[in-house]
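Colleague: Dropping the structure in here first, questions after.
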């Protein structure tokens, strides 16, 4: 009996100790949760904390801060001479990023698969082949008169013939119809989202009652069933079915994109991949001319909230592919002139809280917790000429990757410094390109040693160009603008470039000879447009722009009507034997 009583006492004692330890553990958990809740109320969220750290860093520290990327792959649109040169150089650096070439023609894809799958760059007597590239085929996008035609839709000219209207009037009507269809689709989408939200709100009380009756293990099933009608996973959303099912056509997201196409084909190229770009993507433009980004914003990315970040580049490398070599090996390029690449991230303005909003936050914090304190600091909007800008990691990644490529000699600049470099190159191209295209001569023909008449013509062009550039509102607060963009200095710049490239054929002359559309609208045309904004009539630049466009049309008609002659001509014309 005594043994049983002792065992009963021990059991009760153990139960009391277990109960006490359990109460202590529960109290410790409650204390930890309370402390975590208090810390969470006083500490900022992770994004705000990281942003404050970034703002407190110096430009040098921010430049060398580590980058965490979801994808290191770089896509390149434009397989011309510059595109092949950039892709070849990027694959030659240590730890190179994955490179994907986006072809616009199926014949290029066939040539790539049948060939050695390498890009060969000839620099002097050395020829360096380099492989390791991935390839894709971007879907075809048809644009006519500024509108994008859907698959199977008649062309603007066919609709104009059937209706008896002018093509640009037909394009305006089609554009209005597309805008109406897009607005109706957006309204339908918003209506479905609102109805889904209302349905979820109505089902919420019933789900809560049901959750109280079932165990925690069974709780996950109704929540999953309630979330099935709305799919919020971005990876499972089909962005655009255009080209789906075709080989080498993909729809995965593009994080880093380099554009090396002609400015006149940029809108069509980006329209074919715009469904693969979002706000966190970065587009690097390595092109001639100016003003193409304004057209891209207007026709491809009109929504500022979802618009990618832009990196503008000014490339001074010389590269070309001989026509006879392009037929046998379309992935061969000659690095004719070594130069540099100037890069800058174009600013994206972020909305900043006003002092009144910050004061309201302080008052709310005081009412909720008297011991809390939110420091009120002057925002960048209060300081003239400053703004807080936050760029995605992809923009910094592209800048770092290009600047660590020795063959490209890329350097980063501020947006304002890059703008001045762009204007200087634009002034040089506005002289050499149209003159050589109209004269059908190499770059050295525009020098004074060839003809003083051409020098007079160039000076008339530069007089208008200099006046427009010196009057730009973006540069009015800078010193030495009058000297830097004076007609005399711009004449020296184009003379230096013409001497260095005296034996080269300008890109505009090559386009005119082939009957292709030139970039004159984004070179001299940009000067004309900015002059109109400033009240300056650039009649000389406008005349040259129209003459180049007219000559291109004449040559294109001749190329189209040309009849090829094959075989021997003996017996047809004895004088030609």
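The values are calculated or read from the model by the stated rules, or taken from the named source; none is laboratory data. Source: prediction; values computed, not measured. In this analysis, Cβ positions are derived from the backbone assuming ideal geometry, glycine residues included, and neighbour counts consider all displayed protein chains.
Colleague: Test residue 478 against the stated conditions and say whether it is in contact (Cβ under 8 Å) with a residue 40 or more places away in the chain, surrounded by fewer than 18 Cβ atoms within 10 Å (Cβ to Cβ) and within 33 Å of the chain's Cα centre (by Cα).
Modeller: yes
Colleague: Can you tell me how many residues within the stretch 512-526 are in contact with a helix residue (DSSP H, G or I) (Cβ under 7 Å, 6 or more places away or on another chain) and not in a helix (DSSP H, G or I)?
Modeller: Total meeting the criteria: 5.
Colleague: If you go through the stretch 49-71 one residue at a time, do you hit one that is touching a strand residue (DSSP E or B) at 6+ places or on another chain (Cβ under 9 Å) and at pLDDT 70 or above?
Modeller: Checked against the condition, which is being touching a strand residue (DSSP E or B) at 6+ places or on another chain (Cβ under 9 Å) and at pLDDT 70 or above, the stretch 49-71 yields at least one hit.
Colleague: How many residues does the stretch 554-577 hold that are modelled with pLDDT of 70 or more, part of a helix (DSSP H, G or I) and loosely packed, with under 13 Cβ neighbours inside 10 Å?
Modeller: Number of matching residues: 6.
Colleague: Being in contact with a helix residue (DSSP H, G or I) (Cβ under 8 Å, 6 or more places away or on another chain) and at pLDDT 75 or above narrows it down to one residue among 535, 531; which is it?
Modeller: It is 531.
Colleague: Next question. Counting just the residues of the stretch 493-511 that are in contact (Cβ under 8 Å) with a residue 40 or more places away in the chain and farther than 19 Å from residue 319 by Cβ, which one comes out surrounded by the most Cβ atoms within 10 Å (Cβ to Cβ)?
Modeller: It comes out as 494.
Colleague: Going through the stretch 305-334 one residue at a time, which ones are closer than 22 Å to residue 421 by Cα and touching a helix residue (DSSP H, G or I) at 6+ places or on another chain (Cβ under 7 Å)?
Modeller: Once the filter is applied, which keeps residues that are closer than 22 Å to residue 421 by Cα and touching a helix residue (DSSP H, G or I) at 6+ places or on another chain (Cβ under 7 Å), the stretch 305-334 yields 309, 310, 311, 312, 314, 315, 317, 319.
Colleague: Might you check whether a residue that is modelled with pLDDT under 90, assigned by TED's automatic domain parsing to the domain that holds residue 125, farther than 21 Å from residue 77 by Cα and surrounded by fewer than 19 Cβ atoms within 10 Å (Cβ to Cβ) occurs anywhere in the stretch 327-336?
Modeller: There is at least one residue in the stretch 327-336 that is modelled with pLDDT under 90, assigned by TED's automatic domain parsing to the domain that holds residue 125, farther than 21 Å from residue 77 by Cα and surrounded by fewer than 19 Cβ atoms within 10 Å (Cβ to Cβ).
Colleague: Right, here's the next one. Looking at the stretch 29-36, can you tell me whether even one residue there is in a helix (DSSP H, G or I), modelled with pLDDT of 70 or more and within 26 Å of residue 340 (Cβ to Cβ)?
Modeller: no
Colleague: Looking at residue 254, is it at pLDDT 50 or above, in a helix (DSSP H, G or I) and under 11 Å from the mean Cα position of the chain (by Cα)?
Modeller: no
Colleague: I would also like to ask the following. Got a sec? Which of 78, 132, 146, 124 is modelled with pLDDT under 85 and on the phi > 0 side of the Ramachandran plot?
Modeller: 146 is the lone residue from the list that is modelled with pLDDT under 85 and on the phi > 0 side of the Ramachandran plot.
Colleague: Given the condition modelled with pLDDT under 95 and either under 16 Å from residue 422 (Cα atoms) or surrounded by 16 or more Cβ atoms within 10 Å (Cβ to Cβ) (or both), answer yes or no: does some residue in the stretch 462-469 qualify?
Modeller: Checking the stretch 462-469: not a single residue is modelled with pLDDT under 95 and either under 16 Å from residue 422 (Cα atoms) or surrounded by 16 or more Cβ atoms within 10 Å (Cβ to Cβ) (or both).
Colleague: Has the stretch 429-436 got any residue that is surrounded by fewer than 18 Cβ atoms within 10 Å (Cβ to Cβ) and either under 20 Å from residue 534 (Cα atoms) or in the same structural domain as residue 518 (by TED's automatic domain parsing) (or both)?
Modeller: No: the stretch 429-436 contains no residue that is surrounded by fewer than 18 Cβ atoms within 10 Å (Cβ to Cβ) and either under 20 Å from residue 534 (Cα atoms) or in the same structural domain as residue 518 (by TED's automatic domain parsing) (or both).
Colleague: Another question about this same structure. With 368, 380, 372 as the choices, which residue is surrounded by fewer than 17 Cβ atoms within 10 Å (Cβ to Cβ), at pLDDT below 95, within 30 Å of residue 255 (Cα to Cα) and not assigned by TED's automatic domain parsing to the domain that holds residue 317?
Modeller: 380
Colleague: Filter the stretch 98-123 down to the residues that are touching a residue at least 60 places away in the same chain (Cβ under 8 Å), surrounded by fewer than 20 Cβ atoms within 10 Å (Cβ to Cβ) and over 24 Å from residue 139 (Cβ atoms) and list them by number.
Modeller: Correct list: 118, 120, 122, 123.
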